[in-house]
Amino acid sequence: MVALGGGTGLSALLRGLKLHVVPRHDPYPTVRRPIVDLAAIVTVTDDGGSSGRLRRENRVLPPGDIRNCMVALSKDEALLSRLFQYRFSAGRGLAGHNFGNLFLAALTHVTGDFAEAVRVSSRVLAIRGRIFPSTVSNVTLEAVLENGQRVHGETRISASRSPIRQLTLVPPNARPLTEAVEAIRKADLILIGPGSLYTSILPNLLIPDIARAIAHSRAPRVYIANLMTQPGETTNYSVAEHLHAIQSHVKPRIVDYVVANRQKVSPAVARRYRRQGASQVTVDSEGLRRSGAQLLLGNLLEEHDKIRHDSARLARLLLDEFLPNTTKR
């Protein structure tokens, strides 16, 4: 199984799936698990916060999204995971940095290779799965907005309030890790999202070799729709409009199924998000039918301080729909 994305969306997905991954060092598992290999392919275009500072000052790829995925896939999210997520609140040069980001940056300089730093860190956390940056090239995002403005960098693109017309990767010919492409080729199931459409999902798909591998795959290719729109990036987007944006940037068609939430957000939480310019993503079945993708609905909503996908229910829906022979033995 391969999952592509970034940010909190991919972490939520991985957190649910890891419970169904066969432990690598357990030759006689007492619980039958259907996933023998889980690979996450993570975007590396972040240029804000701790990741952005490390990228500018230490010339390393942004580690934040990968750190979150490592913690999500860790054997247990106890002490080591809490350590990797620890954020310094004081200290000149330290304030605002996560320990995990600093660890990955230091290990990159020690090993001379960001991908190797990710592998070593993954062993430290005993993760259930594999994590690959989508590329080890120093890539940035560039967007052309509907008002004609050209915007450079993930942070500025996310802050734009004009709709995005076109997104490109600079340089456009960035190459992925061979292992990431091979994981896609061998996958029995390919998952895209959830996550920010233009700054987490598309940056992976704009890498030509990754898009080509997905297009050529015979595995079910599933887009997991976001729960809420994002101000500027996807204001008023429906699920079908999210999918249309993907397909307008990536040819040929790479999505066979769309998984979306059917549960309504509570009025109080909806009002709070509305004040921030966000709203629940609407599911337009007719628009999805015209796209050629098959729609799968489930109660995937988890409401706390923030709206998130329910990791356990999302994982169960995916396993029941796409790996039924392994989950019903």
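The values are calculated or read from the model by the stated rules, or taken from the named source; none is laboratory data. As the structure is a computational prediction, the values presented were derived from the model and not from experiment. Cβ placement follows ideal geometry from the backbone for every residue including glycine, while neighbour counts extend to all protein chains displayed. Heavy atoms of the whole protein, side chains included, go into the accessibility calculation; ligands, DNA and RNA do not. Shrake-Rupley method; radii C 1.70, N 1.55, O 1.52, S 1.80 Å.
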(Q) Please report the net charge: other residues with Cβ closer than 15 Å to the Cβ of L145, K and R +1, D and E -1. (A) 0
Q: State to the nearest 20 debye the size of the charge dipole of the chain about its Cα centre, where the only charges are +1 on K and R beta carbons and -1 on D and E beta carbons.
A: 340 debye
(Q) Compute for the stretch 73-182: radius of gyration divided by Kirkwood radius, i.e. Rg/Rh, restricted to C-alpha atoms, rounded to two decimals. (A) 1.05
Q.
Which residue, N299, Q276, L169, has the largest displacement toward the positive end of the dipole of the chain when charges sit on each Cβ (Lys, Arg +1; Asp, Glu -1)?
A. N299
Q. Which number comes out as Rg/Rh for the stretch 175-315 once both Rg and the Kirkwood Rh are worked out on C-alpha atoms?
A. 0.98
Q) Can you tell me the accessible area per residue over the stretch 187-329, all protein chains present, probe 1.4 angstrom, in square angstrom? A) 45 Å²
Q: Quick one, can you get me the convex hull of the C-alpha atoms of the chain expressed as volume per residue in Å³?
A: 144 Å³
Q. Just from its helices, what would the mean residue ellipticity at 222 nm be for the chain, if runs of 4 or more DSSP H residues each count -39500 (n - 2.57) and the sum is divided by every residue, rounded to the nearest 500 deg cm²/dmol?
A. -11500 deg cm²/dmol
Q: State to the nearest 20 debye the size of the charge dipole of the stretch 189-329 about its Cα centre, where the only charges are +1 on K and R beta carbons and -1 on D and E beta carbons.
A: 140 debye
Q. Near the amide H of M228, under 5 Å away, which other amide H atoms are found, from residues 5 or more places off or on another chain, if H is placed in the peptide plane?
A. V281
Q: Please compute the net charge surrounding H242, taking Lys and Arg as +1 and Asp and Glu as -1 over other residues with Cβ under 12 Å from its Cβ.
A: -3
